[in-house]
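**Q** Right, I'll just put the structure down here and ask away after.
Just so it is clear, none of the values below were taken in a lab; they were calculated from the coordinates. Computed from a prediction, not measured in an experiment: that's the story for all the values here. Here the Cβ positions follow ideal geometry from the backbone for every residue, glycine too, while neighbour counts run over all protein chains shown.
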Amino acid sequence: MALAKLKADAAEARMAGLTLPSGFDGARKDALGRVAAMGLPSKRDEYWKYTDPTSLTQPEPIAAALFDAQETPLFGAVDRVKIVFVDGVFDADASDDLACEGIEIARLADAAGADIHWASELYGTLETRGQSPVERPLAALNTAFAQDGILIRATGKAAKPINLIYLHGDTGSDVMLHSVVKVEAGAEVTLLETGPAAARLNSVLEVEVATGGAFHHVRSQGRDHERRAVTHCFARIADESLFKSFTLTVNGQLTRNECIIEMLGDDAVAHVAGACVGDGTAFHHDDTVFITHDALNGESRQVFKKVLRNGAVGVFQGKILVKEGAQKTDGYQISQSLLLDGDSQFLAKPELEIYADDVACSHGSTSGAIDEDALFYLQSRGVPLQAATDLLTLAFLAESLDEIADETLADDLRDRLESWLARRT
Amino acid sequence: MLAIKGLMADLQDEDKTILKGVDLDIPAGKVHAIMGPNGSGKSTLSYILSGKDGYEVTGGSATLDGVDLLDMEPEERAAAGLFLAFQYPVEIPGVGNMTFLRTAVNAQRKARGEDELSAGDFLKIVRAKAKTLKIDADMLKRPVNVGFSGGEKKRNEILQMAMLEPKMCILDETDSGLDVDAMKLVAEGVNALRSEGRSFLVITHYQRLLDHIQPDVVHIMADGRIIKSGGPELALEVENNGYADILAEVA
């Protein structure tokens, strides 16, 4: 009982300084109840064994220095709807009009005054479903206290991608953002997220994709060195729908990206991928993925690649759960790390739990150093050691970037990565 | 052009001496061949000249146009004009062949203080050279050597050589794993590069390659030394009688 008490106390201490915003009052109140019941995570929880949640759960955030990337914004060449948040506060002047053909867009903070029926039905709903079988108390905390976010409903094919741009302006900012996306039958939307957001970020993204709909998510978490972030993506996808999510993480001090997907309709496809580059003992990056197959002919892929050097730590906890009756499931999971020195660490926990007898599920996890033969081959052709190492590093990450459907977006990320590596991030 | 004097080298991990004093002088524009039984140190010589890790030079010298090779990083040797066509070209998943070639060409140009080639110019040159080696657009697009047949890999080596225009080319058993037609194609690629300012060191087990790439001098290497040198007829002698006679003769 000591652990439960510890977790309950942590929740109480964390919530003491917070006030419930208005809008989605019922959902917030329910979430409050969930946090009280679960408490906040502790390192003694099975799913936090490899990542210490203390800096995410303690009442005050740890300050994070601002970082000026001194470069043109990511996806700058893409025609997109820009929605800017500075330390979690919507910046109307810096943002485009919240309008785009094929979709409806609203601010979460405006939801209190407007009766956005579809959003009330979803807000907190997918997060609640995602609490079982593994508890995610920080997501419930977010549902209760999120100050702002974006509500997107796609009714057709969105004319442009929506880009949530998170800027960090205050070294002590503590931010909770909660966004909800509903993709109606046959509709399609692309959501871009670019960081770094805040000194401490807790975000929740709930995504429902209806029959034949498609949701594309491409995210880059920023090059700042000190932020701490826990992000959650909860998705529920229907028949013949497509869900694709890719995250690039460079720098940051602590990043935990959780992705929980329920495949409820037949012939659905869900791909989750991530590339991460970490340098130094302060870097800790955690991908925690849970995909549930609960229908026929589902296809899921998890592709995660981490490049770690100078004592950086990477964690992967990925699960494929195939429920009884989810026949013909095709599940694939790969997590790989490239350890550029002997001090870096990769901790992987791949899990498969299968209750159907006619499925194909495979998983693999590797850790390795750079290929010396390939390095020499490149050098023997005149490529200097550092450039050769960068080239092989990009090649290692390539498989995860290939998961991005839109080539323009993928190329932008590839080019950035290349220049960041050349500048030693 | 390439001057090797009394070169001695050990395998680093195993306290084993591989080269026991190699002397070799290849003037500009000449083609020299090295033949020799397995384990005589032929491939080791090519690796040491190009700067592979794992060997320790314990004596002697190797210079390219008077510049000490052994003191340079592998990429500096390449920029200085040395090229090794690998016996087993390395597969590099995730790196496109074209990206690889352009990176290499431009890295060398940069090291020599020359301007980088524009993407357009580069493409034009690659396409023309690839065509003569029967390398199609697909092979240029694929990751370096991944899924290439033995012949494709060797042709890809020659394409790299053609693009990099080195002055000293070492071919390490470039004929191994090639069928007759592929060998001819590779030899034609090499012959097209022969010029007054460019020298070749051809390491091979078989005289057949030397039918296609006519050497000026043939050396026989055994137990870490060059034990006999002669004209092309030396290769024929090996082909007909093996190494036993030569080994007995110098013993």
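**Q** Taking only DSSP H segments of four or more residues, each worth -39500 (n - 2.57), what value at 222 nm results for the protein assembly as shown once the sum is divided by all its residues, to the nearest 500 deg cm²/dmol?
**A** Result for the protein assembly as shown, helices only: -8500 deg cm²/dmol.
**Q** Using Cα-Cα distances under 8 Å and only pairs 6 or more residues apart, what relative contact order does chain A have, in percent?
**A** Relative contact order here is 11 percent.
**Q** Turning to a different aspect of this structure: Where a ≥ b ≥ c are the square roots of the eigenvalues of the C-alpha gyration tensor, would you call segment A:46-128 rounded, which needs a/c under 1.5, or, failing that, prolate if a/b is larger than b/c, or oblate?
**A** It is oblate, given that a/c is not under 1.5 and a/b is not larger than b/c.
**Q** Could you tell me the ratio Rg/Rh of chain B? Both radii from Cα atoms, Rh via Kirkwood.
**A** 0.96
**Q** Distance in nm between label sites at A:Asp373 and B:Val57, each 7 Å beyond Cα in the beta-carbon direction?
**A** 2.5
**Q** Looking only at other chains, what is the average number of their beta-carbon atoms within 10 angstrom of each beta-carbon in B:79-90?
**A** Partner Cβ neighbours, averaged per residue: 3.
**Q** Quick one: compute the contact order of segment A:154-264, relative version, from alpha carbon pairs under 8 angstrom and 6+ residues apart, as a percent.
**A** 25
**Q** May I ask for log10 I(q)/I(0) of the protein assembly as shown at q = 0.08, 0.09, 0.10 Å⁻¹, from a Debye sum over the Cα atoms as equal point scatterers with solvent left out?
**A** -0.70, -0.82, -0.93
**Q** Write out the GluC sites (Glu not before Pro) in segment A:80-138 meeting two conditions: DSSP loop, and at most 11 other Cβ atoms within 10 Å of their Cβ.
**A** Of the GluC sites (Glu not before Pro), the ones in loops of segment A:80-138 whose Cβ has at most 11 other Cβ atoms within 10 Å are A:Glu101.
**Q** If the chain between A:Arg423 and A:Asp358 were fully stretched, how many nm would it gain, using 0.36 nm times the residue separation less the Cα-Cα distance? Mind dumping the intermediate values first?
**A** Values: separation 65, 0.36 × 65 = 23.40 nm, distance 4.89 nm.
This chain segment gains 18.5 nm when fully extended.
**Q** List the aspartates and glutamates whose Cα lies under 17 Å from the Cα of B:Lys16, skipping any in the same chain that are fewer than 8 positions away.
**A** Correct list for B:Lys16: B:Asp53, B:Glu56, B:Asp223.
**Q** So which trypsin sites (Lys or Arg not before Pro) in segment B:55-120 are both in a DSSP loop and have at most 16 other Cβ atoms within 10 Å of their Cβ?
**A** Counting only loop positions with at most 16 other Cβ atoms within 10 Å, the trypsin sites (Lys or Arg not before Pro) in segment B:55-120 are B:Arg112.
**Q** Only loop residues by DSSP count here, and only those with at most 16 other Cβ atoms within 10 Å; note down the chymotrypsin sites (Phe, Trp or Tyr not before Pro) in segment A:291-387 that meet that.
**A** The qualifying sites are A:Tyr355.
**Q** Counting only trypsin sites (Lys or Arg not before Pro) that sit in a DSSP loop (anything but H, G, I, E, B) with at most 12 other Cβ atoms within 10 Å, what is the longest stretch of chain A containing none of them?
**A** Working: sites that count: A:Lys43, A:Arg44, A:Arg423, A:Arg424.
Looking at chain A, A:45-422 is the longest stretch - no exposed trypsin sites (Lys or Arg not before Pro) with at most 12 other Cβ atoms within 10 Å.
**Q** Something else now. Taking other Cβ within 10 Å of each residue's Cβ, how do A:Asp343, A:Asp279, A:Asp93, B:Asp68 sort, fewest first?
**A** The most exposed by this proxy come first: A:Asp93, B:Asp68, A:Asp343, A:Asp279.
**Q** Just how far, in whole angstrom, is segment A:24-85 from segment A:348-421 if you go by their alpha carbon centroids?
**A** So the two Cα centres are separated by 27 Å.
**Q** Among the aspartates and glutamates, which fall within straight-line cross-link reach of A:Lys319, defined as a Cα-Cα distance under 13 Å, with same-chain neighbours fewer than 8 residues apart omitted?
**A** Straight-distance partners of A:Lys319: A:Glu258, A:Glu262, A:Asp287, A:Glu351, A:Glu353.
**Q** Right, another one. For segment A:2-375, what's the radius of gyration and Dmax over Cα atoms, in angstrom?
**A** 19.7, 63
**Q** Between beta-carbons, use under 12 Å as the cut-off and find the net charge around B:Leu24, counting Lys and Arg +1, Asp and Glu -1.
**A** Neighbour charge sum, excluding B:Leu24 itself: +2.
**Q** Going down the list B:Lys131/B:Lys154; B:Lys5/B:Lys153; A:Lys43/A:Lys349, which pairs span over 25 Å between their C-alpha atoms?
**A** The answer is B:Lys5/B:Lys153.
**Q** Okay, next question. What average count of beta carbons from other chains do you get within 10 Å of the Cβ of residues in A:383-396?
**A** Partner-chain Cβ atoms within 10 Å, mean over residues of A:383-396: 5.
**Q** Moving on. Top mean-square fluctuation among A:Asp110, A:Asp373, A:Asp294, Gaussian network model of chain A, C-alpha springs under 10 Å?
**A** Fluctuation is largest for A:Asp373.
**Q** With respect to the cross-link table entries A:Lys49/A:Lys328; B:Lys129/B:Lys184; A:Lys29/A:Lys157; A:Lys306/A:Lys328, which display a Cα-Cα separation exceeding 24 Å? Intermediate values should be presented prior to the final figure.
**A** On the way: A:Lys49/A:Lys328 33 Å; B:Lys129/B:Lys184 16 Å; A:Lys29/A:Lys157 35 Å; A:Lys306/A:Lys328 30 Å.
Cα-Cα > 24 Å for A:Lys49/A:Lys328; A:Lys29/A:Lys157; A:Lys306/A:Lys328; rest within.
**Q** In peptide A:365-376, what is the residue-averaged number of other protein chain Cβ atoms found within 10 Å of each Cβ?
**A** What the average comes to for A:365-376 is 3.
**Q** Among B:Gly150, B:Ile125, B:Val105, flag the residue with its Cα farthest along the positive direction of the charge dipole of segment B:2-250, charges on Cβ as +1 for Lys/Arg and -1 for Asp/Glu.
**A** The Cα lying farthest towards the positive end belongs to B:Ile125.
**Q** Can you tally the net charge around A:Ala63? Count Lys and Arg as +1, Asp and Glu as -1, for every other residue whose Cβ sits under 14 Å from the Cβ of A:Ala63. Walk me through the numbers on the way to the answer.
**A** Working: positive: A:Arg200, A:Arg227, A:Arg228; negative: A:Glu60, A:Asp87, A:Asp170, A:Asp174, A:Asp224, A:Glu226.
Here the charged neighbours net out to -3.
**Q** For A:Asp373, what is the net charge nearby, where nearby means another residue's Cβ is under 11 Å from its Cβ and Lys, Arg count +1, Asp, Glu -1?
**A** -3
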